[in-house]
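Presented below is the structure to which this report refers.
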Amino acid sequence: MSAAFTESTVEAAALGWLQAIGWNIAHGPDIAPDTLLAERRDYGEVVLGARLRDALARLNPGLPAEALEDAFRKLTRPTGADLLQRNRALHRMLVEGVTVEYRHADGGIRGAQARAIDFDDPSANDWLAVNQFTVVENKHERRPDVVLFVNGLPLAVLELKNAADEDATIWAAHHQLQTYQAEIGALFQSNAVLVISDGVHARVGALAAGREWFKPWRTVSGEALAPQAMPQLQVVIEGVFDKRRFLDLVRDFIVFEDDAGRIVKKVAGYHQFHAVQVAVAETLRAAELARAARVAEETGRYEAGRKPGGKPGDRRVGVVWHTQGSGKSLTMAFYAGRIVREPAMGNPTLVVLTDRNDLDDQLFGTFSRCQDLLRQPPVQAESRAHLRELLSVTAGGVVFTTIHKFFPEQKGDRHPVLSERRNIVVIADEAHRSQYDFIDGFARHMRDALPHASFIGFTGTPIEKADANTRAVFGDYISVYDIQRAVEDGATVPIYYESRLAKLDLPQELKPAIDEEFEEITEGEEVERKEKLKTKWAQLEAIVGTEKRLRLVAADIVEHFERRLEAIDGKAMIVCMSRRICVELYRAIVALRPAWHDEEDAKGSIKVVMTGSASDPLDWQPHIRNKPRREALANRFRDPADPLRVVIVRDMWLTGFDAPS
């Protein structure tokens with residue numbers, strides 16, 4: 001790379017790309033305090049006050065000066081105990097409007113929502129990119145490379161480094177942003193997006209996010225990946241900061257999750273953003289509901305919106321295939337929030353569907369942490385009667401249920417109609433599973449109950465070409481993000497397979513008789529019922545779980561894991577065929593490493609994570625925990641510093657379980 005390539009070169013390129021998509025450009029020193037064109041009284045001010053006041057007056061012509069001043073004060077002096085809380089409060093004001101009060105001419109006190117941003121008309125806003133914007137706070141003087149202002153509010157910060165300097169890496173830019181957040185926090189109170197780049201690589205992230213959560217943005221319009229020859233920073237600027245897309249991102253694709261007493265801010269990745277945009281348009285097509293004409297625009301596979309999920313009015317929205325670990329649950333939450341806000345949907349009812357209780361709990365947990373996005377708390381159906389009650393409303397609602405609750409009261413009966421409305425959307429998780437059988441399974445009962453609802457499927461694994469049922473219910477792919485693409489983006493970690501066999505002594509007569517689909521076809525059964533099912537599968541389970549074989553497997557796991565820890569830090573998840581085998585394998589491992597065992601949930605290096613009931617064997621009971629206790633173990637397992645290093649599961653935590661990479 002040429003020695004002439006400097007940080008200022010990267011900065012100049014960034015400003016040029018911003019200008020090309022319609023941003024106005026200003027040089028920080030030209031608008032600094034005490035200059036002819038000053039836009040601030042001092043370096044402690046981070047909001048361009050005149051621009052904000054102008055925007056408030058322009059966007060709220062019916063409000064008196066008293067109300068506009070109240071809005072200005074709340075936007076420039078947000079409340080909150082820390083930076084993230086103030087950021088959340090400001091984000092809510094930007095999206096929902098600023099609540100103001102003023103005295104009316106009749107003497108009464110009136111309330112209103114003052115708009116700080118026009119999300120529907122980009123041209124109604126003031127767009128300004130400023131380089132070398134100096135900020136002084138608590139004797140710290142810092143100068144971020146590029147700050148992006150919308151209506152005078154700093155909504156994005158770009159920190160740029162020189163790729164020709166070996167020490168000035170993209171992660172040095174990330175470290176510098178962390179320093180800025182600690183020392184000049186006022187600049188980040190209204191921040192929506194952070195960008196880091198060294199001129200070659202570029203990443204997008206959220207306030208307070210660690211480096212593993214800064215991800216590439218690989219597309220401009222969303223339909224396909226940008227050409228590899230296109231600079232990553234240019235892709236980010238044109239893909240994220242296009243005025244229409246940036247307003248959409250700020251309004252619908254930022255979430256503040258309440259997680260165990262702390263706030264976690266997340267911003268959508270490009271695959272999530274564009275999948276949702278396409279899914280909303282496809283939902284309106286499937287439901288035959290019109291809206292104002294505005295729809296957002298092979299290495300690993302990525303695509304969105306190349307073809308419709310189905311025909312107009314056919315109630316098949318389509319299938320979103322986003323590989324496991326790429327944030328599928330959050331994509332579903334973003335979609336739910338966006339479709340709830342869509343005016344053409346007329347306050348829809350959303351039915352979030354899973355085929356297992358533990359998946360229902362996991363997904364419900366994700367949505368519950370995103371209530372700001374949904375504008376309402378989700379509700380979990382506790383029974384068939386409760387589900388029917390929840391779906392009998394005239395509008396609104398985000399209802400979680402397992403598909404089994406759509407069974408009619410008597411076998412062979414048709415499910416009664418619960419609602420004839422067209423603005424009901426069924427969101428199905430893992431839509432490829434056989435339980436969603438449109439012909440004679442649960443999906444038919446669901447169609448009977450909600451005859452005009454539209455169906456969208458989300459899946460972490462591809463649909464088989466021969467799978468006609470899934471397409472009959474949900475339609476074709478409308479967004480694809482496969483595992484190779486996710487690994488290349490750092491959205492998920494690569495999978496390495498190492499064969500380690502502990503042979504079975506399987507009688508020949510059993511081999512052709514084993515029902516390989518036992519787990520799938522019995523997932524809807526209650527725990528007690530499943531454990532009592534007498535099938536050829538049960539005979540195989542007995543052979544797989546012999547004491548001799550489990551001792552061999554336990555010894556191999558302990559030896560392999562300890563050797564691995566000598567090279568790299570990490571944790572282990574062991575997946576077993578049955579709950580009995582989980583318990584027996586735990587005993588075998590603890591016999592080899594007694595120090596790993598502890599009866600208390602808060603202690604110990606190994607745990608079994610499984611569901612159960614009082615009717616299970618007595619020696620299983622120490623491993624059967626309720627939902628809060630399982631979640632406490634999940635938090636321990638996610639914490640890299642926690643001594644809980646090994647978990648044994650049957651089907652818990654296999655999907656929807658996020659952990660640091």
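The values are calculated or read from the model by the stated rules, or taken from the named source; none is laboratory data. Quantities reported herein were computed from a predicted structural model and do not represent experimental measurements. With ideal geometry, Cβ positions are generated from the backbone for all residues, glycine too; neighbour counts draw on all protein chains shown. Just so you know, the surface numbers come from the protein's heavy atoms only, side chains and all, with ligands and any DNA or RNA stripped out. Shrake-Rupley method; radii C 1.70, N 1.55, O 1.52, S 1.80 Å.
Here is how the numbers come out for the structure above:
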{"quantity": "Backbone HN-Hα couplings from phi across the range 392-400 [Karplus 6.51/-1.76/1.60, Hz, Gly and Pro as x]", "calculated": "8, 6, 8, 5, x, x, 10, 10, 9"}
{"quantity": "Listed residue pairs exceeding 25 Å between alpha carbons, taken from K328/K465; K266/K465; K215/K627; K215/K265; K607/K627; K215/K328", "calculated": "K266/K465; K215/K627"}
{"quantity": "Whole-Hz couplings from phi, Karplus 6.51/-1.76/1.60, listed for the range 217-223; x for Gly and Pro", "calculated": "10, 9, 9, 9, 7, x, 6"}
{"quantity": "The chain pair-distance distribution - Cα-Cα, 20 Å bins, rounded %", "calculated": "16, 46, 31, 7, 0"}
{"quantity": "Heavy atoms of D616: accessible area, 1.4 Å probe, square angstrom to 10", "calculated": "20"}
{"quantity": "In the range 584-628, the chymotrypsin sites (Phe, Trp or Tyr not before Pro) that fall in loop regions by DSSP, at most 14 other Cβ within 10 Å", "calculated": "none"}
{"quantity": "Ellipsoid semi-axes in whole angstrom, largest first, where each is sqrt(5λ) of the Cα gyration tensor of the range 532-633", "calculated": "23, 20, 12"}
{"quantity": "Equivalent ellipsoid semi-axes - Cα gyration tensor, the range 18-85, angstrom", "calculated": "23, 18, 14"}
{"quantity": "Loop sites in the range 107-140: trypsin sites (Lys or Arg not before Pro), DSSP, at most 10 other Cβ within 10 Å", "calculated": "K139"}
{"quantity": "Probe 1.4 Å, accessible area per residue of the chain, Å²", "calculated": "45"}
{"quantity": "Whole-Hz couplings from phi, Karplus 6.51/-1.76/1.60, listed for the range 310-319; x for Gly and Pro", "calculated": "x, 9, x, x, 8, 6, 9, 6, x, 10"}
{"quantity": "Residue among L56, V267, L644 farthest towards the positive dipole end of the chain, charges placed on Cβ", "calculated": "L56"}
{"quantity": "Rough spin-label spacing in nm, given labels placed 7 Å along Cα→Cβ, for E547 and T179", "calculated": "6.4"}
{"quantity": "Sequence of L153, L63 when ordered by accessible area, the most exposed leading, probe 1.4 angstrom", "calculated": "L63, L153"}
{"quantity": "Rh (Kirkwood; distinct C-alpha pairs) - the range 156-214, Å", "calculated": "11.4"}
{"quantity": "Carbon and sulfur %, accessible surface of the chain computed with the full protein complex present, 1.4 Å", "calculated": "52"}
{"quantity": "GluC sites (Glu not before Pro) restricted to the range 571-655 and DSSP loop, no more than 10 other C-beta within 10 Å", "calculated": "E599, E600"}
{"quantity": "Proximal charge balance of Q380 [Cβ under 10 Å; K/R count +1, D/E count -1]", "calculated": "-3"}
{"quantity": "DSSP bridge orientation in the chain - percent antiparallel, rounded to nearest 5", "calculated": "45"}
